[in-house]
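What follows is a structure written as structure tokens; I'll ask about it next.
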Amino acid sequence: MTLMPDFTPDLKAMLADLDTLARIESPSTDPAGIARVMDVVEGWARAMGAETHALGGGARLFNFGVRRADAEHGLPAPGLGGQNQGEQDLGGQDRPVLVLTHADTVWPHGTLDHMPLRVEGDRLYGPGTYDMKAGIVGLFHALRSLNGEWPAGGVQVLLSPDEETGSLSSRAHIENAARFARVALVVEPPVADTHALKTGRKGTGSYVLTFTGVASHAGNKPGEGASAVTAAAQAILDLQALARPDLGTTVSAGLIAGGSAVNVIPSHCRLELDVRVSSLEEGARVDAAVHAWTPADARVQSRVEGGLNRPPFEQGEGTLALYAQARAIARELGFDVPSAVVGGGSDGNFTAPIIPTLDGLGAPGDGAHAAHEHVRLDRWPDHVRLLARLLREV
């Protein structure tokens, strides 16, 4: 395979493509808006000769030079099983390079009315640009630079519709594709400020605890009541104490609601917890403790729903080798990319236990999920050049 040595991404063309995607508002709650984004991207893929497939739940799969029939539907090849990344070598030349993307954003319809797309200096501002529509655009410009000369095994792009809400409909497709692939590249944005690539992420979990107590008059018969709110408050203190910052484990009570009136002992309360862990062992410890917790007042009943929804993206040897390769390429191109382990999850959490996974290969910038969301136009082309080289050489 040859790649033009003077390949320089066309920033003007990338901006035009990003404008097209970013003007389609695609919150996770709107399948129609997400489908419109996917239709545009599928058009780009087909223009490059890709075979495209609609998967259950709204995900789409684009195959570039993937020849094996069982790859067409993102299914694991017979006999590959579930090797973990420490065992699987980076060679597997008959397997495709898997690239993960998502079309949904956290921004509701109407956001463009008060957060319009705009360029200020070397920054392009707008909802969904940094996370992660610029990553999609950069990927397709990197793919075009290969001029149809796909790496051995080809490239498989999986476009998810629900990453921002946990990839509930996409997880099985992602894991199946990973079992067939040799590596996974994730075009989520790099770390803000440092522009670091992501070689690890915490596992994420969420729990809903519902408390049912006994209502009574707070002034006349307080002793006859059993407070669901008091039980929830007790649960917050007990469960947040499960945190082990030294091990990367955090537990946060983010939402609580209960009671009916200030002069009534509350008979109901609802509590939501966010959990982040750096290892499966910690995830199992916290999960067991949350499910085992009971109120001190036996008259209050509690119910627990939820659990760990993204496994930890732990740094394996394969991922670190992939990062070392990416850093060496970046240095050849005249810049550097540090590495980082971050607290937020991505679809890379699902592939990392299976194959070497490198995250943060999207567009540099800042402000994910925030009003100052933006892409750094002065750095974006370099990261697209890096991605193009990785697609060719990994």
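The values are calculated or read from the model by the stated rules, or taken from the named source; none is laboratory data. Note that the structure is a prediction, hence the values are computed from the model and not measured. Cβ: placed from backbone, ideal geometry, glycine included. Neighbour counts: every protein chain shown.
Would you confirm, using the coordinates I've provided, whether residue 193 is acidic (Asp, Glu), surrounded by fewer than 20 Cβ atoms within 10 Å (Cβ to Cβ) and either in a loop (DSSP other than H, G, I, E, B) or in contact with a Pro (Cβ under 6 Å, 6 or more places away or on another chain) (or both)?
In short, yes.
Continuing with this model, one more query. If the Cβ limit is 6 Å and pairs must be 6+ apart or interchain, which residue in region 141-154 that is without any contact (Cβ under 8 Å) to a residue 60 or more places away in the chain pairs with which residue that is of a type outside the set (D, E, K, R)?
Here the result reads 152/93, each pair linking region 141-154 to a residue that is of a type outside the set (D, E, K, R).
Tally up the residues in region 47-61 that are within 19 Å of the chain's Cα centre (by Cα), closer than 21 Å to residue 391 by Cβ and not small (Gly, Ala, Ser), please.
Qualifying residue count, region 47-61: 2.
Is there a residue in region 297-318 that is surrounded by fewer than 24 Cβ atoms within 10 Å (Cβ to Cβ) and within 20 Å of residue 193 (Cβ to Cβ)?
no
Are there any pairs, at least 6 apart or on different chains, whose C-beta atoms fall under 7 Å, with the first in region 184-200 and under 15 Å from residue 163 (Cα atoms) and in the same structural domain as residue 134 (by TED's automatic domain parsing) and the second of a type in the set (Ser, Thr, Tyr) and part of a strand (DSSP E or B), and if so, which?
186/357; 187/101
The rows are residues; the columns are (1) modelled with pLDDT of 95 or more; (2) out of contact with any strand residue (DSSP E or B) (no Cβ under 7 Å at 6 or more places or on another chain); (3) among the aromatic types (Phe, Trp, Tyr); (4) surrounded by 14 or more Cβ atoms within 10 Å (Cβ to Cβ).
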position: 9; (1), (2), (3), (4): yes, yes, no, yes
position: 16; (1), (2), (3), (4): yes, yes, no, no
position: 30; (1), (2), (3), (4): yes, yes, no, yes
position: 40; (1), (2), (3), (4): yes, yes, no, yes
position: 46; (1), (2), (3), (4): yes, no, no, no
position: 62; (1), (2), (3), (4): yes, no, yes, yes
position: 75; (1), (2), (3), (4): no, yes, no, yes
position: 78; (1), (2), (3), (4): no, yes, no, no
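Within region 213-222, count every residue that is polar (S, T, N, Q) and crowded, with 16+ Cβ neighbours inside 10 Å.
The qualifying residues number 1.
Can you name every residue in region 116-127 that is crowded, with 17+ Cβ neighbours inside 10 Å and part of a loop (DSSP other than H, G, I, E, B)?
Within region 116-127, 126, 127 qualify.
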